Amino acid sequence: KNEVEQSPQNLTAQEGEFITINCSYSVGISALHWLQQHPGGGIVSLFMLSSGKKKHGRLIATINIQEKHSSLHITASHPRDSAVYICAVTSGSRLTFGEGTQLTVNP
Amino acid sequence: EADIYQTPRYLVIGTGKKITLECSQTMGHDKMYWYQQDPGMELHLIHYSYGVNSTEKGDLSSESTVSRIRTEHFPLTLESARPSHTSQYLCASSEYDNEQFFGPGTRLTVL
């Protein structure tokens with residue numbers, strides 16, 4: 001069993017839909033990260049959080065430390081949101097990654 | 001915008017060649033990392049460094065080696081490339097245990 005598990009693995013949505021990607025982890029962490037990887041391979045850090053909730057534009061990330069669970073929400077999704085979204089946790093001083101969620105938003 | 005660079009972006013090379021993938025950052029970060037990612041798969045840490053003259057192996061065994069002679073530079077070397085080394089290699093840096101900034105990656109193909 002992976003230490004970081006994401007669901008769903010693949011997600012297809014219509015433009016404008018509200019999207020939720022989930023992440024569960026099984027180890028003690030100091031922080032959780034949401035990353036976005038574009039088809040060209042480049043990775044952008046979206047959020048780093050250790051408690052509560054963060055919002056940046058149409059993106060919202062929440063974490064429940066007791067339940068070892070985090071969600072990434074995208075409101076009013078757009079085709080340019082299509083990418084792989086990766087959950088990663090900092091345990092010790094290193095990142096452990098989930099397998100990623102491939103999101104496709106159709107116009 | 002993160003100031004972390006990788007060269008080359010794409011490399012196609014024959015078996016047995018020695019290659020060095022370059023990674024440099026201008027943010028003064030002490031911590032640097034190399035990750036390997038096969039298509040459609042998760043990233044795996046192969047090397048990391050906490051500062052000059054510090055290098056450690058990561059979670060995934062790799063035949064590559066790294067060096068950290070200068071803070072801003074963390075090159076990765078394969079002495080004899082093989083087709084099994086075909087993958088994407090991503091470099092990252094961070095300050096302490098904060099957010100990691102990723103480079104654009106190097107797509108390596110070994111024929």
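Every number here is computed from the coordinates shown, using simple stated rules; none is lab data. Computed from a predicted model, the values in this text were never measured in an experiment. Don't worry about glycine lacking a Cβ; one is built from the backbone with ideal geometry, like all the others, and counts go over all protein chains shown.
At a glance:
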{"read-out": "Lysines with Cα under 22 Å of A:K54, excluding same-chain neighbours fewer than 8 positions away", "value": "A:K68"}
{"read-out": "Fully extended contour minus Cα-Cα distance, from A:N10 to A:H38, at 0.36 nm per residue", "value": "8.6 nm"}
{"read-out": "Peptide A:88-101, shielding by other chains (average Cβ, 10 Å cutoff)", "value": "4"}
{"read-out": "Cα-only radius of gyration and Dmax that characterise chain B, units Å", "value": "13.0, 38"}
{"read-out": "Whole-Å distance, taken between Cα centres, linking region B:1-26 and region A:1-26", "value": "31"}
{"read-out": "Antiparallel %, DSSP beta bridges [both residues in the protein assembly as shown], to 5", "value": "90"}
{"read-out": "Surrounding net charge for B:S54, when Lys and Arg each add one and Asp and Glu each subtract one, Cβ distance under 13 Å", "value": "+2"}
{"read-out": "Binned Cα-Cα distances of chain A, short to long, each 10 Å bin given as a whole percent", "value": "16, 51, 28, 5, 0"}
{"read-out": "Neighbouring partner chain Cβ atoms per residue of B:34-41, average, 10 Å criterion", "value": "2"}
{"read-out": "Averaged over A:38-44, number of beta-carbon atoms from partner chains that fall within 10 Å", "value": "6"}
{"read-out": "Amide H contacts of A:A13 (H built 1.01 Å from N, under 5 Å, at least 5 apart or other chain)", "value": "A:T104, A:V105, A:N106"}
{"read-out": "Extension reserve of the B:S84-B:D38 stretch, reckoned as 0.36 nm per residue once the Cα distance is removed", "value": "15.5 nm"}
